[in-house]
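Structure below; questions to follow.
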Amino acid sequence: MPGQAEVWLMDLPPRGVDHVGRPVGWPGRHLVAKAAASVSCRATGQACRPRKQLDSRARCLDCGAWWTASQVAHHAAVARSNVSVGIDVEDRRHRPAAFRRASRWCGVALSAAEQWTQAEAVWKAMGAGRRTPNDSEIPLNESWQVGWQLSRDSQWWIYTTGQPQPWSLAFPADDGNPPNLIFRSTTVAADNLTKGA
Ligand SMILES: [Zn+2]
């Protein structure tokens, strides 16, 4: 049976800007909690209770499901699976220095925001999010495509799209088929922060 990952893509209401004019982000735990509240935990039937581990990956205390989240400006992506997954969403800002650095980490020349999301998603799924990658440590292919592709080392299925924002999900490639993606939805309202998280 192919694996499965549930994905939430969320539009975030603006929270204003900080003292240098950057948009104020939403706490990642709040976004995960919103997604968790919209589905039930397989162990308890209530919401999952994801907690961050030392390696920065989050797992549900009850069912062990893995949770991952990412946000940029007013967009967020969250995913849940029975295996360690990583998700990343980016915008199309031009960041040549960052791309040069990431190209070293991936061992291939990155030029598209979609490739950046692939690199981040794989790195998160590997559970190494707390440290800087070594050269060529993130096994991306030289070219990316919309939809599923295997990583350079065939250890990861990577799903990538540019819509509505560039985002990718990385999933362990333990079997020959890519996992099923199930899209879920929830909404994040501007007043959620004061009420909930
Ligand atoms: Zn759970």
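Each reported figure results from applying straightforward, stated rules to the coordinates on display, with no laboratory input. The model shown is predicted, which means the values in this text are computed figures rather than measured ones. With ideal geometry, Cβ positions are generated from the backbone for all residues, glycine too; neighbour counts draw on all protein chains shown.
Out of segment 1-28, which residues are surrounded by 13 or more Cβ atoms within 10 Å (Cβ to Cβ) and either more than 20 Å from the chain's Cα centre (by Cα) or more than 18 Å from Ser84 (Cβ to Cβ) (or both)?
Within segment 1-28, Leu9, Met10, Leu12, Pro13, Arg15, Pro23, Gly25, Trp26 meet the criteria.
Identify all residues within segment 119-129 that are touching an Asp or Glu at 6+ places or on another chain (Cβ under 8 Å), in a helix (DSSP H, G or I) and not aliphatic (A, V, I, L, M); write none if there are none.
Those that are touching an Asp or Glu at 6+ places or on another chain (Cβ under 8 Å), in a helix (DSSP H, G or I) and not aliphatic (A, V, I, L, M): Glu120, Lys124.
List pairs: first in segment 45-71 and at positive phi, second of a type outside the set (Asp, Glu) and within 8 Å of the ligand (Cβ to nearest atom), Cβ under 9 Å, 6+ apart or cross-chain?
Pairs found: Gly64/Arg42; Gly64/Ala43.
Here's a follow-up. Ser143 passes all but one of (1) touching a residue at least 12 places away in the same chain (Cβ under 8 Å); (2) in a loop (DSSP other than H, G, I, E, B); which number fails?
If we test Ser143 against (1) touching a residue at least 12 places away in the same chain (Cβ under 8 Å); (2) in a loop (DSSP other than H, G, I, E, B), just (1) comes out false.
Okay, moving on. Quick check on segment 92-108. Is at least one of its residues more than 15 Å from the ligand (Cβ to nearest atom), part of a loop (DSSP other than H, G, I, E, B) and touching a strand residue (DSSP E or B) at 6+ places or on another chain (Cβ under 6 Å)?
No: segment 92-108 contains no residue that is more than 15 Å from the ligand (Cβ to nearest atom), part of a loop (DSSP other than H, G, I, E, B) and touching a strand residue (DSSP E or B) at 6+ places or on another chain (Cβ under 6 Å).
I've got another one for you. Taking the stated definitions as given, is Lys52 within 20 Å of Val122 (Cβ to Cβ) and in contact with a strand residue (DSSP E or B) (Cβ under 8 Å, 6 or more places away or on another chain)?
Criteria met by Lys52.
Is it true that Val24 is of a type outside the set (Lys, Arg), within 21 Å of Trp167 (Cα to Cα) and in contact with a Gly (Cβ under 7 Å, 6 or more places away or on another chain)?
Here the answer is yes, as Val24 does meet what is asked.
Mind listing whichever residues of segment 168-189 are over 19 Å from Ala128 (Cα atoms) and either without any contact (Cβ under 8 Å) to a residue 40 or more places away in the chain or of a type in the set (A, V, I, L, M, F, W, C) (or both)?
Gly176, Leu181, Ile182, Phe183, Val188, Ala189
In addition: I'd like to check something: does segment 159-175 contain any residue that is aliphatic (A, V, I, L, M), in a loop (DSSP other than H, G, I, E, B) and touching a Cys at 6+ places or on another chain (Cβ under 7 Å)?
no
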